[in-house]
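First up is the structure itself, then whatever we jot down about it.
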Amino acid sequence: IITLSDLECDYINARSCCSKLNKWVVPEVIGHAIVTVLMLISLHWFIFLLNLPVATWNIYRYIMVPSGNMGVFDPTEIHNRGQLKSHMKEAMIKLGFHLLCFFMYLYRLVSKVAPK
């Protein structure tokens, strides 16, 4: 969010912004896919179903990058067609999702560890 905000305010150029963001796309896809599979294996159905759409969206977004683009974030297209605003909105939604998941995982951890 901060990197996209810096691009929006014109503090950094599009190429450096996109290279910073693209470097984290593959680890995000792999990490989220692993967490989703682990929730399926451990039979946590609610958390699995909560993570499945986000993992699917991440994989879809990574697979559907047009050939010739630098990655999911492309410096030649980020200012066109309102992509910067849509990337900012997506980042905010993901931030909210990850905060929700963090507190759910924390509650689950505390409820399992706390003596009864």
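The values are calculated or read from the model by the stated rules, or taken from the named source; none is laboratory data. In this text the structure is predicted, and so the values were computed from the model without any measurement. With ideal geometry, Cβ positions are generated from the backbone for all residues, glycine too; neighbour counts draw on all protein chains shown. Remember, those area values only see protein heavy atoms, side chains included, never the ligands or the DNA or RNA. Shrake-Rupley method; radii C 1.70, N 1.55, O 1.52, S 1.80 Å.
Observations
- Restricting segment 1-29 to residues that are at pLDDT 90 or above and under 21 Å from Leu100 (Cβ atoms), the residue that is surrounded by the most Cβ atoms within 10 Å (Cβ to Cβ) is Val29.
- Selected residue (criterion: farthest from Ile2 (Cα to Cα)) from residues of segment 44-62 that are without any contact (Cβ under 8 Å) to a residue 24 or more places away in the chain and open to solvent by 100 Å² or more (accessible area, probe 1.4 Å): Trp45
- Any chance Val29 is assigned to a helix (DSSP H, G or I) and in contact (Cβ under 8 Å) with a residue 24 or more places away in the chain: yes
- Taking first residues from segment 93-114 that are within 18 Å of Leu38 (Cα to Cα) and partners that are outside any loop (DSSP other than H, G, I, E, B) and open to solvent by 70 Å² or more (accessible area, probe 1.4 Å), the Cβ contacts under 9 Å between residues at least 6 apart in sequence or on separate chains come to Met104/Phe46.
- Positions within segment 63-106 being open to solvent by less than 70 Å² (accessible area, probe 1.4 Å), closer than 30 Å to Phe46 by Cβ and either more than 16 Å from the chain's Cα centre (by Cα) or aliphatic (A, V, I, L, M) (or both), in sequence order: Val72, Met88, Ala91, Met104
- Members of segment 32-43 that are open to solvent by less than 60 Å² (accessible area, probe 1.4 Å) and either within 17 Å of Met104 (Cβ to Cβ) or of a type in the set (Val, Ile, Thr) (or both): His32, Val35, Thr36, Met39, Ser42
- Residues located in segment 107-116, provided they are open to solvent by 100 Å² or more (accessible area, probe 1.4 Å) and hydroxyl-bearing (Ser, Thr, Tyr): Tyr107
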